[in-house]
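Novice: Below you'll find the structure I mean.
The values are calculated or read from the model by the stated rules, or taken from the named source; none is laboratory data. Note that the structure is predicted; figures quoted are calculated from it, not measured. Every residue, glycine as well, gets a Cβ built from its backbone with ideal geometry; the counts of neighbours run over all protein chains shown.
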Amino acid sequence: NPGKSNYVPSKDAIWKSGEAVPYKALSETLKAIEGTSGRLEKTMILSNFLRSVCILSPDDLHICVYLCTNQVAPAYKGVELGVGETVVMKAVAEACGVNIKSQKAKMGTLGDLGLVAESSRTNQKMMFKPKPLTVKGVFDTFLQITAISGNQGQAQKISLIKKLLVSAQGSEARFITRSLLGKLRCGLADQTVLVSLGHATVLTPPGGSEDCAVSSSRMVSAKEEAAEVVKTSFCEFPNFEHIIKMIREHGVMKSAEFCKLTPGVPVKPMLAQPTKGISEVLTKFEGAVFTCEFKYDGERAQIQCAESGDISIFSRNQENNTSKYPDIISRIGSCLSEGTKSFMLDCEVVAWDVEKEQILPFQILTTRKRKDADIGEIKVKVCLFAFDLLYLNGESLIREPFRKRRELLHSAFKEVPGEFIFATARDCTDTEQIQEFLEESIKGQCEGLMVKTLDIDATYEIAKRSHNWLKVKKDYLEGCGDSLDLVVIGAFLGKGKRSGSYGGYLLACYDPDSEQYQAICKIGTGFTDEDLASHHAALSEHITPQAKPYYSYPESSAPEVWFEPALVWEVKCADMTISPIYTAAVGLVDQDKGISLRFPRFIRVREDKNAEEATSAEQVAELYNKQDNKQEQSKPKDHDD
Ligand code: ATP
C-alpha cells in the first residue's frame, strides 16, 4: 500500500477473511480520521480500511460505506437515522449508569454526547467482556430503530440503543451515539468517502470483481480515475448498495456504465450562481452564446417517468413529493408528445390563479398539503413551468448542450394552458435586451431571470452551483445581492407585544469544512404576528438545553433558548459588514473577524432546505466581496441589529 498514515489498528480491530467486520475496526478508523485534519490523510485512512473490507468481507462493504456517510439507505428513500438527544441520553443513562444531570454536566466539559457515552462506558467496571459488536449488527439495529415510529416507540428505541451501548467498547460508544444523533462529527465529507471507495476498489478489487489490482506504475492515475468514476456514478445513481454491487460485478472502472441516470432515482439538481446585476452577466458570459429565462418563484420539481409508466415527483432535496401532487400526476400524460415514454423533467411548480390566468405568490403554494393530498380536495391549483430535460426515452441527456436539451424538451412535451408551459425564454445579446426582459419577468410575477449558456460549457451539471447558470433577481437591484438561507440556532424571549413567543432569534450560516454553524446576526424584523406564533410552535420541537459544541457564536449574543440546527429561514439585509463579534465566515475575508448582516429581515421559511444546505461560510464571504461599497464598510462596526 503506497499510503502512509500513523494509524495502526488495535488487536480488536483486526479480523479474518470471511468474518463479519468488527464495529471496532470502523470506529477506530473514524476516530483516526477525527484525529487528523488533512483531507489526503483522511482519505488514506478510510481507503485502507475499505481495502481490508474489500478483501476480507466484501459483503459488508456497502454497510461500511453507509455508516461512514451516516445513512442506512439512499438519501432519496427518506430513511433518517436521527434520534432525539433525550432518547439517546436515557439509553446512555441505562447502559452506563450515568444520570442525565451528570451527562449534561459532562457535556459541558467534553463538548459532545458521543464523548460522554465513551467516557462513561470506559469508566464502567465490567464483570466480563461483552460480545464484540459487528458493523452488520450495528447497522441492522439502526435499521430497526428507523422502523419504529410514534411516541410509544421511545421505550423500544431506548432498549435497542442500550443493547448496543452495553456491548460497546472504547470509541464504539462515541460513534454509535453520534450516528444516532445524526452526525459523525469527524470531518468526513461525502466526497472523501467517494474518493476513498474509488481508491480502495481499484487497488483491492472486492471479491468477485474482474478487475485485477493495478501495477505500481499506474497506481496514481488509476486511483484518480477510479475516484472520478465513483463520484460520477454517485451523482447519477446516488445509491451505494447498487454502486458497490456494480463494482463487484464489473470492476470499478467499468461500473459507471451501470450506474447511469435512471428514472425513479432522483439526482441533485443543477443550481445557479448569483450575480449582482445585468452587467455582471455580460462579464461572466463574455463571448458565450446564452439565453435568458424567467425565474419562476415556486417549488422545484424533478418529474420522472420510467419505461413502465410509473411517475414520481422529487423535490430539490430528492424528497418524494409524488403524493403531494396527484393533480400533476394525473395531467402529465396529456402534456406528452407522441412517442415520449420515459423522461426526467426539470421544472418549477407554481401556484396558479385559474380565473385570472396568472402566477400567484410563492406563499400560496406553501398552503398546500405536503403529503397524501386528495385530488378532489385541492384548492391551490398549480402550473408547471418546464425548463430542462435530463433524460428521454432511455437516453441520458446531461452531457448534451442546453440548446439540444431545450429542443428535445420542446419536441417531447406540448403546452397545455394553465397546466404545463415552457419557461419563457429570450436569447438576449446586450444589456438593454436583458434589462427589458428582466422587467417583463417581474411584470409576469417572476423573481427575475435565469441566464444559461447554450452551446459551450452548457451540459447539465448535477448537484453543482454552476457558473453556467446565473441568476439575476429583481431584489439584486437594491440592497445586498442575494438573500441568505440561515439556520435558526437560538431565540430571545419576547417582551411586551411579543411576550409568550420569541422576540428575536440568533441565525447562523454553515461551514462544511469545520462542520460548524457560525452565528451571523440577530433578527427581529420582517415577522407578522402569525409568523411569530408559527415559529414559536415549530421551534419548540427543537429546543435543546444548551448550545451545541459545533455552534460558534459570540458570548455577548448568546440567546436565552437554544435550538437543534433544524429550521432554515430566508433572510434579506441592507448590507454585510465585517464584525468583530460574529463568527460567520471567520478567516475568509478577515483573519480574525467574521461577517454580519445589517438590518436583516425575515422573508420566508425554506422548507426545501435542511440545515446543512443553508448558505455556506464561503458563500457568505462571496456575497460580502460582491458588495460595491465593501471598502467603506470594512471598518468594523459593533452594532448588533
Ligand atoms: P433561490 O432562493 O434563488 O431559489 P436556491 O439556492 O434555491 O436559491 P438557485 O440556484 O439560487 O436556487 O436558483 C435556482 C432555483 O430557481 C431553482 O432551484 C428553481 O427552483 C428555480 N427556477 C425558477 N425558474 C427557473 C428556470 N427557468 N431555470 C432554472 N431554475 C429555475
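Novice: Could you please let me know if Leu470 is assigned to a helix (DSSP H, G or I) and either within 32 Å of the chain's Cα centre (by Cα) or over 23 Å from Pro269 (Cα atoms) (or both)? Lay out the reasoning, then the answer.
Specialist: Values: assigned to a helix (DSSP H, G or I): no; either within 32 Å of the chain's Cα centre (by Cα) or over 23 Å from Pro269 (Cα atoms) (or both): yes.
No; evaluated as a whole, the condition is false for this residue.
Novice: Of Thr528, Thr577, which residue is surrounded by 20 or more Cβ atoms within 10 Å (Cβ to Cβ) and at pLDDT below 95? Break it down into steps so the answer makes sense when it comes.
Specialist: On the way: Thr528 fails: surrounded by 20 or more Cβ atoms within 10 Å (Cβ to Cβ).
None of the others qualify; the one that does is Thr577.
Novice: Based on what the data block shows, is Val65 more than 14 Å from Ile158 (Cα to Cα) and in a loop (DSSP other than H, G, I, E, B)? Steps first, answer last, please.
Specialist: Details: more than 14 Å from Ile158 (Cα to Cα): yes; in a loop (DSSP other than H, G, I, E, B): no.
It is false that Val65 is more than 14 Å from Ile158 (Cα to Cα) and in a loop (DSSP other than H, G, I, E, B).
Novice: Could you tell me which numbered condition Ala105 fails, if it satisfies all but one of (1) among the aliphatic types (A, V, I, L, M); (2) in contact with a helix residue (DSSP H, G or I) (Cβ under 6 Å, 6 or more places away or on another chain); (3) without any contact (Cβ under 8 Å) to a residue 24 or more places away in the chain?
Specialist: Here Ala105 meets the rest and fails (2).
Novice: Among (1) closer than 24 Å to Ile398 by Cβ; (2) basic (Lys, Arg); (3) at pLDDT below 95, where does Lys452 come up short?
Specialist: It fails just one condition, (3).
Novice: Out of all the residues in region 614-641, which are away from the ligand (no atom under 16 Å from the Cβ), in contact with a strand residue (DSSP E or B) (Cβ under 9 Å, 6 or more places away or on another chain) and modelled with pLDDT of 85 or more?
Specialist: Initial filter on region 614-641 (away from the ligand (no atom under 16 Å from the Cβ)): 621, 624-625, 627-641.
Next, only the ones that are in contact with a strand residue (DSSP E or B) (Cβ under 9 Å, 6 or more places away or on another chain) stay: 621, 624, 627, 629-630, 633-641.
Within region 614-641, Ala621, Tyr624 meet the criteria.
Novice: Counting just the residues of region 251-274 that are within 14 Å of the ligand (Cβ to nearest atom) and out of contact with any Lys or Arg (no Cβ under 9 Å at 6 or more places or on another chain), which one comes out farthest from Leu449 (Cα to Cα)?
Specialist: Initial filter on region 251-274 (within 14 Å of the ligand (Cβ to nearest atom)): 266-274.
Checking which are out of contact with any Lys or Arg (no Cβ under 9 Å at 6 or more places or on another chain) leaves us with 266-267.
Working: Pro266: 25, Val267: 24 Å.
This residue is Pro266.
Novice: Still on this structure, I have one more. Could you tell me how many of the residues in region 82-92 are buried (at least 19 other Cβ atoms within 10 Å of the Cβ) and either free of Cβ contacts under 8 Å to residues at least 60 places away in the same chain or part of a loop (DSSP other than H, G, I, E, B) (or both)?
Specialist: 2
Novice: Kindly check whether there is at least one residue in region 395-409 that is touching an Asp or Glu at 6+ places or on another chain (Cβ under 7 Å), in a strand (DSSP E or B), within 14 Å of the ligand (Cβ to nearest atom) and modelled with pLDDT of 95 or more.
Specialist: Within region 395-409 (the criterion being touching an Asp or Glu at 6+ places or on another chain (Cβ under 7 Å), in a strand (DSSP E or B), within 14 Å of the ligand (Cβ to nearest atom) and modelled with pLDDT of 95 or more), the answer is no, since none of the residues qualifies.
Novice: Looking at region 300-324, I want the residues that are at positive phi and have a partner that is surrounded by 21 or more Cβ atoms within 10 Å (Cβ to Cβ) and at pLDDT 95 or above with Cβ atoms under 6 Å, at least 6 apart or on another chain. Which pairs are those?
Specialist: Gln318/Pro266
Novice: Just name the residue that is farthest from the ligand (Cβ to nearest atom) out of those in region 292-317 that are surrounded by fewer than 22 Cβ atoms within 10 Å (Cβ to Cβ) and within 26 Å of Leu360 (Cβ to Cβ).
Specialist: Step by step, filter region 292-317, then rank; the result is Ile311.
Novice: Go through Glu293, Glu236, Glu257 for me and flag whichever is out of contact with any Ser or Thr (no Cβ under 8 Å at 6 or more places or on another chain) and acidic (Asp, Glu).
Specialist: Values: Glu293 fails: out of contact with any Ser or Thr (no Cβ under 8 Å at 6 or more places or on another chain); Glu236 fails: out of contact with any Ser or Thr (no Cβ under 8 Å at 6 or more places or on another chain).
On inspection, the qualifying residue turns out to be Glu257.
Novice: Among the residues of region 94-123, write down those that are among the small types (Gly, Ala, Ser), surrounded by fewer than 19 Cβ atoms within 10 Å (Cβ to Cβ) and assigned to a helix (DSSP H, G or I). Show your work before the answer.
Specialist: Residues of region 94-123 that are among the small types (Gly, Ala, Ser), as a first pass: 95, 97, 102, 105, 108, 111, 114, 117, 119-120.
Pick out the ones that are also surrounded by fewer than 19 Cβ atoms within 10 Å (Cβ to Cβ) and you get 97, 102, 105, 108, 111, 119.
Scanning region 94-123 gives Ser102, Ala105, Gly108, Ser119.
Novice: Separate question: So which residues in region 439-465 are under 21 Å from Val289 (Cα atoms) and near the ligand (Cβ under 9 Å from one of its atoms), if there are any at all?
Specialist: Gly448, Leu449, Met450, Lys452, Arg465
Novice: Do we have any residue at all in region 235-258 that's outside any helix (DSSP H, G or I), under 30 Å from Ser616 (Cα atoms) and touching a residue at least 40 places away in the same chain (Cβ under 8 Å)? Write out each step before concluding.
Specialist: Taking region 235-258 and keeping what is outside any helix (DSSP H, G or I), we get 237-239, 251.
Next cut, under 30 Å from Ser616 (Cα atoms) only: 237-239.
Those still in the list that are touching a residue at least 40 places away in the same chain (Cβ under 8 Å) too: 238-239.
Checked region 235-258: at least one residue is outside any helix (DSSP H, G or I), under 30 Å from Ser616 (Cα atoms) and touching a residue at least 40 places away in the same chain (Cβ under 8 Å).
Novice: Between residues in region 564-585 that are within 26 Å of Ser540 (Cβ to Cβ) and among the acidic types (Asp, Glu) and residues that are more than 16 Å from the ligand (Cβ to nearest atom) and modelled with pLDDT under 95, which pairs lie under 6 Å by C-beta distance while being six or more apart or on different chains?
Specialist: Qualifying pairs under 6 Å: Glu564/His542; Glu564/Thr544.
Novice: Still on this model: Of everything in region 165-206, what is of a type in the set (A, V, I, L, M) and out of contact with any helix residue (DSSP H, G or I) (no Cβ under 7 Å at 6 or more places or on another chain)? Give them in sequence order. Give the steps one after another, and end with the answer.
Specialist: Step one: filter region 165-206 for residues of a type in the set (A, V, I, L, M), giving 165-166, 168, 173, 176, 180-181, 184, 188-189, 193-195, 197, 200, 202-203.
Result: Ala189, single match.
Novice: Having 2 or more residues that are within 16 Å of the ligand (Cβ to nearest atom) and in contact with an Asp or Glu (Cβ under 8 Å, 6 or more places away or on another chain) is the bar; report the strands (runs of 3 or more DSSP E) wholly within region 567-613 that clear it. It would help to see each step written out before you state the result.
Specialist: On the way: elements: 568-572, 575-579, 594-598, 601-605.
Filter on region 567-613 gives 568-572, 601-605.
Novice: Could we say that Lys371 is within 30 Å of Lys464 (Cβ to Cβ) and either over 26 Å from the mean Cα position of the chain (by Cα) or away from the ligand (no atom under 15 Å from the Cβ) (or both) here? Quick ask: steps written out before the conclusion?
Specialist: Details: within 30 Å of Lys464 (Cβ to Cβ): yes; either over 26 Å from the mean Cα position of the chain (by Cα) or away from the ligand (no atom under 15 Å from the Cβ) (or both): yes.
The answer is yes for Lys371.
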